[in-house]
């Protein structure tokens with residue numbers, strides 16, 4: 001039996017609060033469950049009430065509903081945080097965010113000293129593999145430990161929305177998972193993550209047509225079809241010895257409380273997710289009562305007779321002990337300078353700790369519309385003290401700015417080490433009061449992602465005027481301005497970082513990019529070095545610094561930075577291409593070819609690696625292969641002018657100057673940048689009458 005660690009227990013009429021550090025253990029389980037394989041599927045942004053088994057009438061989830069019909073459905077399941085990375089960290093570890101320390105997407109790493117379902121089952125001889133659909137779950141954020149295979153091969157977005165939202169369709173993820181599952185001979189754990197139905201909602205056919213006017217449900221339908229494929233493959237391989245667990249990492253607001261997506265508030269619409277468990281030894285049943293995604297780990301372990309580690313926050317949902325409390329948080333508003341939110345649920349009561357706190361009785365008010373914080377002050381105080389008790393056990397985060405080594409790096413660059421974070425004077429703004437700005441910010445980001453850079457910049461300028469000290473607004477404005485070719489204005493937008501975000505490495509990296517585009521390479525280099533001094537684990541600043549050094553003729557130093565970038569982020573195709581370019585420039589052709597091949601595998605739609613391999617082929621005298629590679633690059637991107645120029649070189653060396661002239665004329669007609677145009681024109685003059 002597993003007993004989850006309660007957040008607090010009520011003692012007598014005084015309802016005193018104390019944390020219980022329970023020892024979690026399992027009594028003997030039937031031996032027949034040993035060796036049972038596990039398929040864990042997480043569907044991103046899946047709101048429970050859009051699943052048929054939870055009452056939806058859209059018909060979007062036939063495979064989920066079929067699992068529900070033969071398994072156990074948990075009616076009210078709550079995620080710990082409405083953000084992908086920290087929510088998965090809790091789901092895989094059985095720990096709430098305060099106890100694993102990962103609170104946000106992209107800025108933290110799951111600690112190496114915390115066990116997960118992968119490390120525990122791998123230690124029992126299971127083959128383990130993960131197949132994730134979005135960069136936000138990339139291995140660099142710490143969740144890959146314990147997996148024999150961690151398939152996170154996702155092309156990085158370089159334009160549009162955040163690189164953290166780089167994704168691949170569930171059909172690709174499902175195919176990779178099926179291939180691995182069918183090769184397994186013994187017990188296995190497969191974690192499969194689908195990013196549908198995360199915004200922006202753009203379902204493929206035929207789900208777009210089937211769910212016409214409901215794009216969110218169309219994406220759910222696409223994910224459900226992929227789920228059916230993976231479940232079928234796992235059941236065929238496991239032959240009756242399989243546990244299937246399907247859940248969401250968080251929900252989606254869809255306009256509830258004014259929130260369009262998720263991450264900003266901690267209301268039920270973004271926390272409640274489906275949870276269906278089916279397979280060996282799991283009864284067909286429907287369970288009411290509170291459950292949490294942190295309960296998934298101990299529930300899986302109990303089904304396969306693996307002892308759980310002590311101190312988990314979760315417990316076995318199919319065991320006799322059931323809790324009545326749940327914790328939730330979102331610190332995402334803090335990234336915009338506003339107040340983070342923490343919530344505690346006890347039975348039907350839910351308290352949200354905010355500058356203007358909230359208390360709801362979900363039994364009478366499931367939509368969280370009647371704030372009872374003043375009329376039931378004693379209950380509010382009781383739950384607030386429960387949150388305080390939980391936070392007293394919080395895992396302390398290590399601030400890079402307080403690290404002596406980081407401070408020394410900054411001093412070496414001529415900077416005084418700033419405080420750990422810039423803090424606004426006075427209390428932080430309640431997210432409820434910042435909702436208007438948040439909605440404008442979201443709309444601007446989406447406009448920029450759609451290529452509507454001018455309108456995005458206009459809206460973001462308004463937000464910067466409203467909150468001039470908000471670094472997130474300034475970074476987004478700089479990105480929109482750069483996309484319009486207004487690099488000096490972009491650099492100006494990020495000018496006051498020294499006062500508003502002195503210890504934010506991402507902000508300094510963004511400033512370096514803007515300065516570089518504005519032609520201020522020396523200042524860009526200083527800004528990028530500052531970003532690296534603040535956080536050496538970020539690969540993007542190393543990659544960009546390498547590019548700056550390479551353009552300055554410091555190729556060996558550039559190679560060091562590119563190598564650091566690929567070491568930190570092995571799936572970064574752009575960094576691999578840059579590394580290959582530096583190796584080629586240093587005369588290390590064999591290593592360059594291997595790096596180009598890696599980049600081409602990671603980014604099959606990127607013409608750059610093929611262009612680089614073509615240049616190596618010219619150097620090796622293999623002109624036919626060179627021409628073929630340049631042609632492949634141009635098929636991917638006809639406006640990749642460097643490949644067209646190189647194709648002309650190959651054509652001349654193959655003895656076909658007429659073809660080279662035609663290629664160069666085509667290049668010039670495409671209006672390349674002045675430097676490329678000058679090279680093409682000079683090449684034409686050199687060809688003369690040949």
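The values are calculated or read from the model by the stated rules, or taken from the named source; none is laboratory data. Everything numeric in this text was worked out from a predicted model, so none of it was measured. Heads up, the Cβs are rebuilt from the backbone with ideal geometry, glycines too, and the neighbour counts pull from every protein chain shown.
Among the residues making up the stretch 599-615, those that are over 13 Å from residue 649 (Cα atoms) and buried (at least 21 other Cβ atoms within 10 Å of the Cβ) are 599, 600, 602, 603, 606, 607, 608, 609, 610, 612, 613. The C-beta contact set for the stretch 520-534 (first residue over 18 Å from residue 565 (Cα atoms), second residue in a helix (DSSP H, G or I), distance under 6 angstrom, 6+ apart or interchain) comprises 521/548; 523/515.
Kindly evaluate residue 79 against the criterion of being touching a strand residue (DSSP E or B) at 6+ places or on another chain (Cβ under 9 Å) and at pLDDT 95 or above. Here the answer is yes, as residue 79 does meet what is asked. When you check residue 66 against the structure, is it more than 21 Å from residue 262 (Cβ to Cβ), surrounded by fewer than 22 Cβ atoms within 10 Å (Cβ to Cβ) and modelled with pLDDT of 95 or more, yes or no? Answer is yes for this residue. When every residue of the stretch 115-125 is checked against the conditions, none turns out to be within 29 Å of residue 344 (Cα to Cα), without any contact (Cβ under 8 Å) to a residue 60 or more places away in the chain and either in contact with a strand residue (DSSP E or B) (Cβ under 7 Å, 6 or more places away or on another chain) or part of a helix (DSSP H, G or I) (or both). Scanning the stretch 88-112 for residues that are more than 22 Å from residue 216 (Cα to Cα) and outside any loop (DSSP other than H, G, I, E, B) gives 89, 90, 91, 92, 93, 97, 98, 99, 100. For the stretch 231-263, the candidate set comprises residues that are part of a loop (DSSP other than H, G, I, E, B) and touching a strand residue (DSSP E or B) at 6+ places or on another chain (Cβ under 7 Å); within that set, the residue that is farthest from residue 443 (Cα to Cα) is 241.
The conditions of being under 26 Å from residue 540 (Cα atoms), modelled with pLDDT of 95 or more and outside any loop (DSSP other than H, G, I, E, B) are met by residue 512. When you scan the stretch 476-489, do you find a residue that is in contact with a helix residue (DSSP H, G or I) (Cβ under 6 Å, 6 or more places away or on another chain) and within 27 Å of residue 356 (Cβ to Cβ), even just one? Checking the stretch 476-489: at least one residue is in contact with a helix residue (DSSP H, G or I) (Cβ under 6 Å, 6 or more places away or on another chain) and within 27 Å of residue 356 (Cβ to Cβ).
Does residue 560 qualify as being at pLDDT 95 or above and assigned by TED's automatic domain parsing to the domain that holds residue 650?
Numbers: at pLDDT 95 or above: yes; assigned by TED's automatic domain parsing to the domain that holds residue 650: no.
It is false that residue 560 is at pLDDT 95 or above and assigned by TED's automatic domain parsing to the domain that holds residue 650.
The condition of being at pLDDT 95 or above, under 20 Å from residue 304 (Cα atoms) and surrounded by fewer than 19 Cβ atoms within 10 Å (Cβ to Cβ) does not hold for residue 29.
Residue under question is residue 629, and the condition is that it be closer than 29 Å to residue 152 by Cα, part of a helix (DSSP H, G or I), at pLDDT 95 or above and not assigned by TED's automatic domain parsing to the domain that holds residue 135; does it hold?
Working: closer than 29 Å to residue 152 by Cα: yes; part of a helix (DSSP H, G or I): yes; at pLDDT 95 or above: yes; not assigned by TED's automatic domain parsing to the domain that holds residue 135: yes.
Here the answer is yes, as residue 629 does meet what is asked.
How many residues are part of a helix (DSSP H, G or I), touching a residue at least 40 places away in the same chain (Cβ under 8 Å) and in contact with a helix residue (DSSP H, G or I) (Cβ under 6 Å, 6 or more places away or on another chain) when one looks only at the stretch 51-87? Looking only at that region, the number is 7. Within the stretch 484-504, the set of residues being under 23 Å from the mean Cα position of the chain (by Cα) and either modelled with pLDDT of 95 or more or surrounded by fewer than 23 Cβ atoms within 10 Å (Cβ to Cβ) (or both) comprises just one member, 503.
Only one of the numbered conditions (1) more than 19 Å from residue 261 (Cβ to Cβ); (2) in a loop (DSSP other than H, G, I, E, B); (3) modelled with pLDDT of 95 or more is not met by residue 481, and that is (2).
Conditions tested, residue by residue: (1) touching a strand residue (DSSP E or B) at 6+ places or on another chain (Cβ under 8 Å); (2) in a loop (DSSP other than H, G, I, E, B); (3) assigned by TED's automatic domain parsing to the domain that holds residue 273.
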residue: 145; (1), (2), (3): no, yes, yes
residue: 150; (1), (2), (3): yes, no, yes
residue: 191; (1), (2), (3): yes, no, yes
residue: 213; (1), (2), (3): no, yes, yes
residue: 229; (1), (2), (3): no, no, yes
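Restricting to the stretch 351-365, name every residue that is in contact with a strand residue (DSSP E or B) (Cβ under 9 Å, 6 or more places away or on another chain) and either in contact (Cβ under 8 Å) with a residue 40 or more places away in the chain or assigned to a loop (DSSP other than H, G, I, E, B) (or both). Break it down stepwise before answering.
First pass over the stretch 351-365, keeping only residues in contact with a strand residue (DSSP E or B) (Cβ under 9 Å, 6 or more places away or on another chain): 351-354, 357-363.
Those that are in contact with a strand residue (DSSP E or B) (Cβ under 9 Å, 6 or more places away or on another chain) and either in contact (Cβ under 8 Å) with a residue 40 or more places away in the chain or assigned to a loop (DSSP other than H, G, I, E, B) (or both): 352, 354, 357, 362, 363.
Residues of the stretch 653-676 include at least one that is on the phi > 0 side of the Ramachandran plot and surrounded by fewer than 19 Cβ atoms within 10 Å (Cβ to Cβ). Just one of the listed residues (321, 339) is at pLDDT 95 or above and surrounded by fewer than 24 Cβ atoms within 10 Å (Cβ to Cβ), namely 339.
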